[in-house]
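Engineer: Just passing along the structure, written as structure tokens.
Values quoted throughout were computed directly from the atomic coordinates according to the rules given, and no laboratory measurement underlies them. Source: prediction; values computed, not measured. Backbone-built Cβ (ideal geometry, glycine too); neighbour counts: all protein chains shown.
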Amino acid sequence: DAGITQSPRHKVTETGTPVTLRCHQTENHRYMYWYRQDPGHGLRLIHYSYGVKDTDKGEVSDGYSVSRSKTEDFLLTLESATSSQTSVYFCATQDVIGEASPLHFGNGTRLTVT
Amino acid sequence: QKEVEQNSGPLSVPEGAIASLNCTYSDRGSQSFFWYRQYSGKSPELIMSIYSNGDKEDGRFTAQLNKASQYVSLLIRDSQPSDSATYLCAVNRANAGNMLTFGGGTRLMVKP
């Protein structure tokens, strides 16, 4: 979606270094999500946010933290990167009106931890 | 049992045929169902949503929902090579507000 921008698009980093991925939206959607996608595992939820400074853990949150200081920005930090965190990371947003709304995805960040 | 299950495929169909993709889910309280298409190396894009039992048609795509049997399917008529992609089923969690759970996806290959 044109309104969701992830940066960087690609990153190679070394084991043990901190890494921050950024998601920026112009849709003014309340909910934001971070997923990782790996072969054989599909999309797995890392963390999500339901408003500014309101975040919660997903199913694979160990080793990750998030922050949301503004509606439009949702940051994912790998505190000390490990090779198991090599993955493709997707940010998604959701605008809730009545029934559960679909997610809209950013273009993804391919992270390699060496 | 996984919350949302899909056959990983690949499902191979000839060009012009109907492709049928299936998804089963475990949460009887789920009310919202989505189909996403994901091309290799790209992000998932929404192609269909369905909320009520029955069929919903959009162009060559038809989503079918049967809540009693807990399955949702996607039919693609007149399949084209450009439809070759992985199709992800997503279902909302009844007791988790707006959270969606994704299936592992079915890889579709349409052969010319």
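Engineer: Which cross-chain or sequence-distant (5 or more) residues have an amide H under 5 Å from the amide H of residue B:7, H modelled 1.01 Å from N in plane?
Structural biologist: Here the answer is B:22, since their amide H atoms fall under 5 Å of that of residue B:7.
Engineer: Remind me, relative contact order of chain B in percent, using alpha carbon pairs under 8 angstrom and six or more residues apart?
Structural biologist: Working: 288 pairs, mean separation 42.2, N = 112.
Averaging sequence separation for qualifying contacts and normalising by length gives 38 percent for chain B.
Engineer: Could you name the aspartates and glutamates in cross-link range of residue A:53, using Cα to Cα under 15 Å and dropping any fewer than eight places away on the same chain?
Structural biologist: Straight-line reach from residue A:53, under 15 Å: A:72, A:73.
Engineer: So what J values fall out for segment A:81-89 if you push phi through Karplus, 6.51 cos²θ - 1.76 cosθ + 1.60 with θ = phi - 60°, rounded to Hz, Gly and Pro as x?
Structural biologist: Using θ = phi - 60°, the values come out as 4, 10, 4, 5, 8, 4, 5, 9, 10 Hz.
Engineer: What average count of beta carbons from other chains do you get within 10 Å of the Cβ of residues in B:86-93?
Structural biologist: 2
Engineer: Can you give the Kirkwood hydrodynamic radius for segment B:37-110, in Å, rounded to one decimal and based on Cα pairs? Don't skip to the answer; put the middle values down first.
Structural biologist: On the way: mean 1/r = 0.0747 Å⁻¹.
One decimal place: 13.4 Å for the Kirkwood radius.
Engineer: Given Cα pairs under 8 Å that are at least 6 residues apart, what percent is the relative contact order of chain A?
Structural biologist: Details: 298 pairs, mean separation 40.9, N = 114.
This gives 36 percent for chain A.
Engineer: With Cβ to Cβ distances under 13 Å as the rule, what net charge do the other residues near residue A:80 carry (K, R +1; D, E -1)?
Structural biologist: Charge balance in the 13 Å sphere: -3.
Engineer: Taking H placed 1.01 Å from N in the peptide plane, check which residues at least 5 places from residue B:12 or on another chain put their amide H under 5 Å from its amide H.
Structural biologist: Counting only residues 5 or more places away or on other chains, the set is B:109.
Engineer: Once Rh for segment B:1-63 is found with the Kirkwood sum over Cα pairs, what is the Stokes-Einstein diffusion coefficient at 37 °C and 0.692 mPa s, in µm²/s?
Structural biologist: 240
Engineer: Net charge around residue B:76, counting only other residues with Cβ within less than 13 Å of its Cβ (Lys, Arg = +1; Asp, Glu = -1)?
Structural biologist: For residues surrounding residue B:76, the net value is -2.
Engineer: Say a paramagnetic label sat at a point 7 Å from the Cα of residue B:80, along Cα to Cβ; which residues of segment B:31-67 have their backbone N under 11 Å from it?
Structural biologist: It comes to B:60, nothing else.
Engineer: On to the next question. Per Stokes-Einstein, at 37 °C and 0.692 mPa s, what whole-number D in µm² s⁻¹ belongs to segment A:1-75, with the Kirkwood radius over Cα pairs as the hydrodynamic radius?
Structural biologist: 247
Engineer: Could you tally the net charge around residue A:52, taking each other residue with its Cβ under 9 Å from the Cβ of residue A:52, Lys/Arg +1 and Asp/Glu -1?
Structural biologist: Every neighbour counted, the sum reads +2.
Engineer: In whole Å, how far is the Cα centre of segment B:55-90 from that of segment A:48-104?
Structural biologist: Centre-to-centre (Cα) distance: 28 Å.
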